[in-house]
Amino acid sequence: MMSGYLLHTEEYKKNNFNQAMPSRFFKMMIKAVDSNDDGVITMDEYQTLLKNIGASDQMSAEELKEIFDEIGDSELNGERVISVKSVEERWTKYLHVM
């Protein structure tokens with residue numbers, strides 16, 4: 001599932017930031033997705049990221065919920081969220097893909 005989670009950002013990087021180092025691109029994406037800088041990513045924030053990179057039609061609400069159910073590591077206002085720290089730990093394994 002994690003590879004699906006990264007697929008949209010990988011394509012965006014390839015098309016728009018091909019010369020950027022993967023670690024720099026990763027930091028930019030984290031800053032963009034955690035828009036309020038609270039250390040967690042909500043489904044709304046991730047949907048906004050998908051919209052902003054032109055990929056909102058590439059992931060259904062059900063797929064997004066499945067991702068958050070699978071890797072969400074806490075709750076905020078009754079909603080599963082993913083901590084930025086968790087994303088950093090998981091994503092670093094996949095940086096070579098980009």
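The values are calculated or read from the model by the stated rules, or taken from the named source; none is laboratory data. Quantities reported herein were computed from a predicted structural model and do not represent experimental measurements. Every residue, glycine among them, receives a Cβ derived from its backbone with ideal geometry; neighbour counts consider all protein chains shown.
Taking region 50-73 as the range and being without any contact (Cβ under 8 Å) to a residue 40 or more places away in the chain and among the aliphatic types (A, V, I, L, M) as the test, the residues that pass are A61, L64. Of the residues making up region 91-98, none is modelled with pLDDT of 90 or more, crowded, with 16+ Cβ neighbours inside 10 Å and touching a Phe, Trp or Tyr at 6+ places or on another chain (Cβ under 7 Å). When the residues of region 35-51 are filtered to those that are touching a helix residue (DSSP H, G or I) at 6+ places or on another chain (Cβ under 7 Å) and either outside any loop (DSSP other than H, G, I, E, B) or among the hydrophobic types (A, V, I, L, M, F, W, C) (or both), the one that is surrounded by the fewest Cβ atoms within 10 Å (Cβ to Cβ) is Q47. Name the residue, out of E79, E63, E88, that is at pLDDT 85 or above and under 14 Å from the mean Cα position of the chain (by Cα). Unique residue meeting the criteria: E63.
The one condition from (1) modelled with pLDDT of 85 or more; (2) in a helix (DSSP H, G or I); (3) out of contact with any Ser or Thr (no Cβ under 6 Å at 6 or more places or on another chain) that Y12 does not meet is (1).
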